[in-house]
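Read-outs: derived from the displayed coordinates by stated rules, not from any lab. Just so it is clear, the model here is predicted, and its values are computed rather than measured. Cβ: placed from backbone, ideal geometry, glycine included. Neighbour counts: every protein chain shown.
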């Protein structure tokens, strides 16, 4: 499993905003975080749709964190950008019947590992990273 660049960049944006405590302009964020402006716009739009940040128009506008940093988890961000963590197709609820499912011990191991990953990501809060 590997975090996508979008999740990596989104976490960097959230950490920077949490440290700032107030709004930052998009050009400042892009420059400080070494993210292209256009990519940042897309990330912020998703974060806004997730109701984690707000955008402020005007001369003194920018992007500000609106979510409680103790309530924002790595899992929340990963799932907001990439969907649920699924280590194997056999663990997807809509996958249907697997011919090996009755005797498959590997599926149980994968389910346990996936659960552990989700629990670990749930334990990482934005507040713990600031």
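The P(r) of the chain has a tail past 25 Å containing 35 percent of all C-alpha pairs.
Label-to-label distance for residue 106 and residue 127 is 4.2 nm, based on points extended 7 Å past Cα in the beta-carbon direction.
With R₀ set to 25 Å, the beta-carbon distance separating residue 41 from residue 119 gives a calculated FRET efficiency near 0.15.
Taken along the Cα-to-beta-carbon direction at a fixed 7 Å, the label points for residue 86 and residue 56 span 4.1 nm. Stretching the chain fully between residue 20 and residue 70 yields a gain of 16.5 nm (0.36 nm per residue, less the alpha carbon separation). Its relative contact order, with pairs defined as Cα atoms under 8 Å and 6+ residues apart, puts the chain at 29 percent.
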